[in-house]
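Take a look at the structure below.
Since every read-out is calculated from the coordinates, none of them should be taken as a lab result. Note that the coordinates shown come from a computational prediction; the quantities given were computed from them, not determined experimentally. All Cβ positions, even for glycine, are placed from backbone atoms using ideal geometry, and neighbour counts span all protein chains on display.
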Number of protein chains: 4
Amino acid sequence: MIIAMKPGVLRAEAEEFARKLEKQGVTVDFSEGATQTVLGLVGDTTAIDEEALQANHLVERVIRVQEPYKRANRMFHPNDTALELPGADGGKAKIGGGNFAVIAGPCSVESREQIVSVARAVKNEGASFLRGGAFKPRTSPYSFQGLGDEGLSLLLEAKKETGLPIVTELMEISQIEHFGNVDVIQVGARNMQNFSLLKELGRCGKPILLKRGMASTMTELLMAAEYIMAGGNDRVILCERGVRGFDTFTRNILDLGIVPVLKKKSHLPVIVDPSHATGVAWMVPAMSKAAVACGADGIIVEVHNDPEHALCDGEQSITPPDFAALMVSIRKYIALEGKTI
Amino acid sequence: MIIAMKPGVLRAEAEEFARKLEKQGVTVDFSEGATQTVLGLVGDTTAIDEEALQANHLVERVIRVQEPYKRANRMFHPNDTALELPGADGGKAKIGGGNFAVIAGPCSVESREQIVSVARAVKNEGASFLRGGAFKPRTSPYSFQGLGDEGLSLLLEAKKETGLPIVTELMEISQIEHFGNVDVIQVGARNMQNFSLLKELGRCGKPILLKRGMASTMTELLMAAEYIMAGGNDRVILCERGVRGFDTFTRNILDLGIVPVLKKKSHLPVIVDPSHATGVAWMVPAMSKAAVACGADGIIVEVHNDPEHALCDGEQSITPPDFAALMVSIRKYIALEGKTI
Amino acid sequence: MIIAMKPGVLRAEAEEFARKLEKQGVTVDFSEGATQTVLGLVGDTTAIDEEALQANHLVERVIRVQEPYKRANRMFHPNDTALELPGADGGKAKIGGGNFAVIAGPCSVESREQIVSVARAVKNEGASFLRGGAFKPRTSPYSFQGLGDEGLSLLLEAKKETGLPIVTELMEISQIEHFGNVDVIQVGARNMQNFSLLKELGRCGKPILLKRGMASTMTELLMAAEYIMAGGNDRVILCERGVRGFDTFTRNILDLGIVPVLKKKSHLPVIVDPSHATGVAWMVPAMSKAAVACGADGIIVEVHNDPEHALCDGEQSITPPDFAALMVSIRKYIALEGKTI
Amino acid sequence: MIIAMKPGVLRAEAEEFARKLEKQGVTVDFSEGATQTVLGLVGDTTAIDEEALQANHLVERVIRVQEPYKRANRMFHPNDTALELPGADGGKAKIGGGNFAVIAGPCSVESREQIVSVARAVKNEGASFLRGGAFKPRTSPYSFQGLGDEGLSLLLEAKKETGLPIVTELMEISQIEHFGNVDVIQVGARNMQNFSLLKELGRCGKPILLKRGMASTMTELLMAAEYIMAGGNDRVILCERGVRGFDTFTRNILDLGIVPVLKKKSHLPVIVDPSHATGVAWMVPAMSKAAVACGADGIIVEVHNDPEHALCDGEQSITPPDFAALMVSIRKYIALEGKTI
């Protein structure tokens, strides 16, 4: 951390200020210029509060050089984190560390028939995880809110039928007890900074799929992962799902540039959600291929047997035949990237 | 709601589609053009799902004409909602309906001495509510997270000393039982679409100060209010606190244009938070005056007796003397607007 | 300017790097920490190219402490720049330095009758400048592009009738010769970084009203002003007119927070355009008052005698009676701010 | 175009309004609902001004169904536009229609040696066009502004040496006469809505590489192309180069989602600039592959023989060896897409 003192601050003032900083466990270097003094903080600055420093009347500017995240930081964990769960047909469902995962399924669980048939279809084409929402965050209180616990039960039936591990969204802490048989817990974009929830998930022992918030910075996403990891749960999957933009030709802007940057800064697996990002089914294949090409470790896509009658997000859901075609196509790109699916 | 059918859709197809829509309780008008048919839906379309319609292969575009919110909508509730709580010195603390409210206090409650002294200072200058955080949403898990229940107790002591009703943030459902003596419950920007929390607050019987999310649209803000109101709690205060932008000269962009639009679309009181929006103390007076001038019903400002040693957000906190000067200044603007403080 | 060298860079390497920097006219301070060396550059760093430094393999991060603008910088020009032109009725039209200017008129000049009648109306209510577009930047090549030279002639007739100095937009260098009798040349948002044009305007000897680009940062706006000023023309008026945002309830987000920051960083007058920012006439009064309240030196508003038949931007134009009411209202706010109109 | 009249508008009023619209060459369908009347306009609405309609006191909302662009619209020109220019070694340089083009070279032309050596290097690896800036748009008037006419001469020398057609940026109309031997004229992001320039380029008879503005919508980009095409020049190449976002981990957000949408809406070739979008050299390969994978017809990348001493944009320039590796990599992706390079 570098602190530029205001012009005119006296050496004695700066030294007193430095002594206070050193009580927080860092050492302070002085660079005294003709017009201003610059302090360089050496040591672990993770817990030092930039905003508090910035409020000090002696300080002109504070620049953080070290990243504020530790457990999510590749610097302290050079190797890729790879996740491995029991998968279909006695195999493994893997993500990260050279393994590309396809997570597929409907936006919402609607019926036994629907979820089981979609699960079979996506399994047959090579999906390794089944997604499906039982508890749905909806902008309107008057929209379908998901089947709730019944939806969870239906997901488990689909798992039983296909062997696919289940990914589903949790919306509040009290639901955790119902998620005992869920394989991967999803935190939605709107809850990315629900810190109480993140802390609780840090103690839950299950892999967490953490979606980037609508207007969250890369650092905020990694700090949200850090909340979970600080509680002892290192199995976090990061997910880019589009950020809010000024245009309307897609629902959000799919910010694929974050993928290589996250892979560089962090050891955690990074996946992409082209369905929510674009909001339109016909764009899913192109953006899925692009996700593979820029280094993602997986994709999460919405597949529905009857998008026109879907209770939610039908516009962005692809059909099982479209999904089959998508898989044929992206397998070639995954191979080019040297990854295994 | 207007639905433009795709060019080439047959009259019979459109009629069958219309019959399905009419089962949802609306009537459908036909406008048959040379190239396409347009349907006009008449009746209550609040519960009709645009996205589901948009997924239909016959549909080119869906345009909502009616607003999707009802209880928050001024159309169905033409008069301003005004809130009134027991206030200092046996008086009332009012907001909305011609009453301008100043909510002031520190970002975090830090000690008995701090909160009581700030409470006295802001009361003396005319603040009608005391704000202070006991549970703090912080980007980093390593930052100060608030005093928790002890913070709530200290707030109540400050209330006892000054009579000021208390505004403080609730971060998760299980905290509600501790908020029994809190006067106004704040929902932070990061929780604006924590729908489980909103539903619960719809049942809690207390006024809710609902902050706009970092990148939330006006409609999303009103739909979040609608979640609370749909549960039976009509006492919602809307708060503009800055949205995420592309520049860094202020922390966020204070979007004052939303104030007159919210006042036109909704009957709910609208306040402005210049402290979080700008992130710098010296800008608070200018932006507070602007908030009054564009029609806000109140402001919420951070005041700290010792900003340099604040445990959080010191950079944006003004001192009690600055607050006194601010009050002198904005009283004149409030009078020009014909409002009472 | 502060340069953090990468961890592991040798002292000798850093010194050689520093010697190269010193050839650019600065002196370099060393701060050698346990993990990295930090260089502090002292002297005029305006012409040092951050991007070039950032490309150097020894450099981790470059932080500019001094602002990159000089002539627009209040640090080197502490007093407000005030502009004074011959005005109506033998008086002066003033802007800045405690003078509040109202610039009013139609989006486009459409006819002699229109421009003269609007000019008279706005003059009678206290506008000090007449605006009107002769050359119009339109998104579509098929939309009305302005009357061109004929529009300029009509503006001059309106000036002759009323004495109001004229503000009108110039779209390309070759038009300058036609602008000999124009009083203030406007540079539109889309041309804010048309650097060839800015350089030319630096040589033209007329005041320039420089509108902020749709997604321009504060620094980019001041650097655009610097282009004009570097050519010898110090009479630049900065104009906030809304930036692009993610919502649609107003056309743009009026970023009033930039007003106090520009006033602090620069000595140039700052005005606000509520008409283009909001895009709707009914919001103009509220946002005009807010502009006054946060410290603007003026507003530029669209007034049209018959908005429904305006050839451009009718939706955001107010009528002469509305303008009269606006003036009554903002005069009180201008007085509160201690400014003269 | 669909026009929803305000509730309460009388049939007679709506009919009179419709008669006026029909004078603009369209026919009007009526849909009379219980609460409001909706008009459907049939025919060519390209020249009808939405804003003017929106200002009418009878009108609640105007919805454009047809796109406002015609010449750029795939609906009226179903086949891909492909460009073909004389290329290196007596061959052709092609872009669009199944041909993938790589445009490579330094940000700025700096010296004969530099531009010729880079040109040779990129030609050897398969680039089909040479890029290089002679006139540079720079944020600061104190930064290097390009070599100007001398830069153009050096580019022509590099063309003579290698046969590569040249792509270079034009900043103002008066420069056109110097661009006689330039093969493709680039319009930079900051000039995307410099309408005077676009009109002039519509008459110049050369292919135009049109970069998307920093915060331009897809429609605005296509309307800018329409300005050029309306003048008779159909050879326009669209270029996505990143839009302004709220985060800083890349310079801009590379909005790859626009690529498939532009390909669907328009017949023009679409290329991607990963260098300016990300601002960092190490990300160029990943984002280039992603551009291929989502359907781009080419990329434009910055290559510099000595990025650390580049006079501009060194941080984002890759070296010739990096470029060679990039070409090896993307050829495989281009082949997968079924395109020719």
Inset, instruction - Once the label point is placed 7 Å from Cα along Cβ, list for A:Val328 the distances to the corresponding points in the other copies, in nm, shortest first. - result: 3.2, 7.4, 7.9
Inset, instruction - Once the label point is placed 7 Å from Cα along Cβ, list for C:Met75 the distances to the corresponding points in the other copies, in nm, shortest first. - result: 2.9, 5.4, 5.5
Inset, instruction - Could you check the simple spin-label distance between D:Ser174 and A:Glu308, using points 7 Å along Cα→Cβ, in nm with one decimal? - result: 6.2 nm
Inset, instruction - Determine ³J(HN,Hα), in whole Hz, for all residues of region B:107-113 in sequence, where each value follows from phi through the Karplus function 6.51 cos²θ - 1.76 cosθ + 1.60 and θ = phi - 60°; x replaces Gly and Pro. - result: 4, 10, 6, 10, 6, 4, 4
Inset, instruction - Express the C-alpha Rg of region C:2-63 as a ratio against the empirical globular expectation 2.2 N^0.38 Å, rounded to two decimals. - result: 1.00
Legend entry - Debye log10 I(q)/I(0) at q = 0.05 Å⁻¹ for the protein assembly as shown, Cα point scatterers: -0.36
Legend entry - Peptide C:36-48, shielding by other chains (average Cβ, 10 Å cutoff): 4
Inset, instruction - Note down the nm distance, to one decimal, between modelled labels 7 Å out along Cα→Cβ at C:Thr340 and at D:Thr27. - result: 6.6 nm
Legend entry - Charge dipole (debye, nearest 20) of region C:2-63; +1 at Cβ of Lys and Arg, -1 at Cβ of Asp and Glu: 120 debye
Inset, instruction - Rank C:Gly231, C:Ile185, C:Gly338 by how far each Cα sits towards the positive end of the charge dipole of chain C (+1 on Lys, Arg Cβ; -1 on Asp, Glu Cβ) and give me just the farthest. - result: C:Gly338
Legend entry - the protein assembly as shown: calculated mean residue ellipticity at 222 nm from DSSP helix runs of at least 4, using -39500 (n - 2.57): -9000 deg cm²/dmol
Inset, instruction - Based on the mean of other Cβ atoms within 10 Å per residue, sort peptides D:294-302, B:304-312 so the most packed one is first. - result: D:294-302, B:304-312
Inset, instruction - Could you tell me how many degrees, from 0 to 90 and to the nearest 10, lie between the Cα long axis of helix C:11-22 and the main elongation axis, the longest principal axis, of the Cα atoms of chain C? - result: 40 degrees
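Taking the Cα centre as origin and putting +1 on Lys and Arg beta-carbons and -1 on Asp and Glu beta-carbons, what dipole magnitude results for the protein assembly as shown, to the nearest 20 debye?
In debye, rounded to 20, the protein assembly as shown gives about 0.
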Inset, instruction - Can you tell me the dipole magnitude for chain B around its Cα centre, using point charges on the Cβ only (Lys, Arg +1; Asp, Glu -1), in Debye to the nearest 20? - result: 560 debye
Legend entry - Nearest-ten-degree value, helix D:218-230 long axis tilted from longest Cα axis of chain D: 80 degrees
Legend entry - Reachable aspartates and glutamates, given that their alpha-carbon falls under 12 Å from the alpha-carbon of C:Lys70 and they are not under 8 places away in the same chain: C:Asp44, C:Glu226, C:Asp234
Inset, instruction - Rank these for me by crowding, D:Ser143, A:Ser275, going from fewest to most other beta carbons within 10 Å. - result: D:Ser143, A:Ser275
Inset, instruction - Over chain C, calculate the relative contact order: mean separation of alpha carbon pairs under 8 Å at least 6 apart, over the residue count, as a percent. - result: 16 percent
Legend entry - Per-residue Cβ neighbour rank within 10 angstrom, fewest leading, C:Arg19, B:Arg112: C:Arg19, B:Arg112
Legend entry - Rounded if a/c under 1.5, otherwise prolate or oblate - region B:74-336, Cα gyration tensor axes: rounded
Legend entry - Choice from B:Ala47, B:Ala127, B:Ala189 showing the highest fluctuation, given a GNM over chain B with Cα pairs closer than 10 Å: B:Ala47
Legend entry - Inter-chain Cβ neighbour average for residues A:169-175, partner chain, 10 Å: 3
Legend entry - Closest approach to the axis - chain D beta-carbon, rotation onto C, Å: D:Ala215, 2
Legend entry - Per-residue mean of C-beta atoms belonging to partner chains within 10 Å, peptide B:144-150: 1
Legend entry - Of D:Gly43, D:Gly314, D:Gly188, the one that fluctuates the most in a GNM where chain D has Cα springs shorter than 10 Å: D:Gly43
Inset, instruction - Round to the nearest 0.05 the FRET efficiency obtained for B:His77 and D:His57 when R0 = 25 Å and r is the Cβ-Cβ distance. - result: 0.50
Inset, instruction - Rank the residues B:Lys159, B:Lys206 as a footprinting-exposure proxy: fewest other Cβ atoms within 10 Å of their Cβ go first. - result: B:Lys206, B:Lys159
Legend entry - Approximate spin-label separation A:Lys206-A:Lys20, in nm, with each point projected 7 Å along Cα-to-Cβ: 4.6 nm
Inset, instruction - Order the peptides B:262-273, B:161-172 from the highest to the lowest mean number of other Cβ atoms within 10 Å of their residues. - result: B:262-273, B:161-172
Legend entry - Max mean-square fluctuation residue, GNM over chain A, Cα-Cα springs under 10 Å, options A:Val184, A:Val28, A:Val116: A:Val28
Inset, instruction - Find every distance from the label point of C:Asp89 to the corresponding label point in the other copies (7 Å from Cα along Cα→Cβ) and write them in nm, one decimal, shortest first. - result: 4.6, 8.0, 9.1
Inset, instruction - Past 32 Å, Cα to Cα, is the threshold; run A:Lys289/B:Lys199; A:Lys263/D:Lys263; C:Lys136/D:Lys339 against it and keep the listed order. - result: A:Lys289/B:Lys199; C:Lys136/D:Lys339
Legend entry - Amide H contacts of B:Lys92 (H built 1.01 Å from N, under 5 Å, at least 5 apart or other chain): B:Gly87
